[in-house]
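Asker: Got a structure for you, written out below as structure tokens; questions coming shortly.
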Amino acid sequence: LGERGATMTSFVLLLAFPPSASALLSVKPITSDAGYHSLREATRSTGRIAIVEFSSETCAACKIARPLFERMAAMYDEVEWHEQLYESSTKAHFKSCGIAFLPHVHIIQDGVAIESFSCPPSKLYGRIGSKLHSLVAPLRPHRGWLNGRRWHSWRIGRRLDQE
């Protein structure tokens, strides 16, 4: 697509999924390699789920994925959301985490990365959403029925499916 196509795609995604002010505050930056390891230890002691997006300021795909990641952070407040930039870390740290392509996502539970994947921004929402739905559903109260339809909060736009 070239530079212009990537810019247009990110513009369209920003219009479709504008990040809220609370989402911007809910994604916390990790500024060092030690911060990532302390986050893993914290999830081991607290039992919470954490999601870390590894990205770069110069990566076009990372720029497109950023609003999607922030929107998901606003939807799943039971989960800790973090971002570690390539520029604030060492290449050896990224290599030790098994990261070959950006953007890359780690889903951490009990101090272990239970899911680790790189994917294009178009599939990021589905990959994280499907995994989080199975992890977070037991923590949430039952959403139930709404006007004879099943309520699915884990899909884009909180879509209603006919049953």
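Asker: Checking residue 79 against (1) under 14 Å from residue 131 (Cβ atoms); (2) touching a residue at least 60 places away in the same chain (Cβ under 8 Å); (3) of a type in the set (A, V, I, L, M, F, W, C), which single condition isn't satisfied?
Answerer: (2)
Asker: Quick check on my filter: what residues within segment 122-152 are at pLDDT below 70 and polar (S, T, N, Q)?
Answerer: If the condition is that a residue be at pLDDT below 70 and polar (S, T, N, Q), then 147 is the only one that fits.
Asker: Please work out which one of (1) at pLDDT 90 or above; (2) out of contact with any Leu (no Cβ under 7 Å at 6 or more places or on another chain); (3) buried (at least 19 other Cβ atoms within 10 Å of the Cβ); (4) polar (S, T, N, Q) is the condition residue 89 fails and give its number.
Answerer: The failed condition is (1).
Asker: Please find, among 100, 60, the residue that is in contact (Cβ under 8 Å) with a residue 40 or more places away in the chain, over 16 Å from the mean Cα position of the chain (by Cα) and open to solvent by 50 Å² or more (accessible area, probe 1.4 Å). Break it down into steps so the answer makes sense when it comes.
Answerer: Working: 100 fails: in contact (Cβ under 8 Å) with a residue 40 or more places away in the chain.
Criteria check complete, one pass: 60.
Asker: Right, another one. Among the residues of segment 115-133, which ones are outside any helix (DSSP H, G or I) and more than 15 Å from residue 81 (Cα to Cα)?
Answerer: Residues of segment 115-133 outside any helix (DSSP H, G or I): 115-120.
If the condition is that a residue be outside any helix (DSSP H, G or I) and more than 15 Å from residue 81 (Cα to Cα), then 117, 118, 119, 120 are the ones that fit.
The values are calculated or read from the model by the stated rules, or taken from the named source; none is laboratory data. Being a predicted model, the structure only gives us computed values, none of them experimental. Glycine gets a Cβ as well: all are built from the backbone with ideal geometry, and neighbour counts include every protein chain shown. Quick note on the areas: whole protein, heavy atoms, side chains included, nothing else; ligands and nucleic acids left out. Shrake-Rupley method; radii C 1.70, N 1.55, O 1.52, S 1.80 Å.
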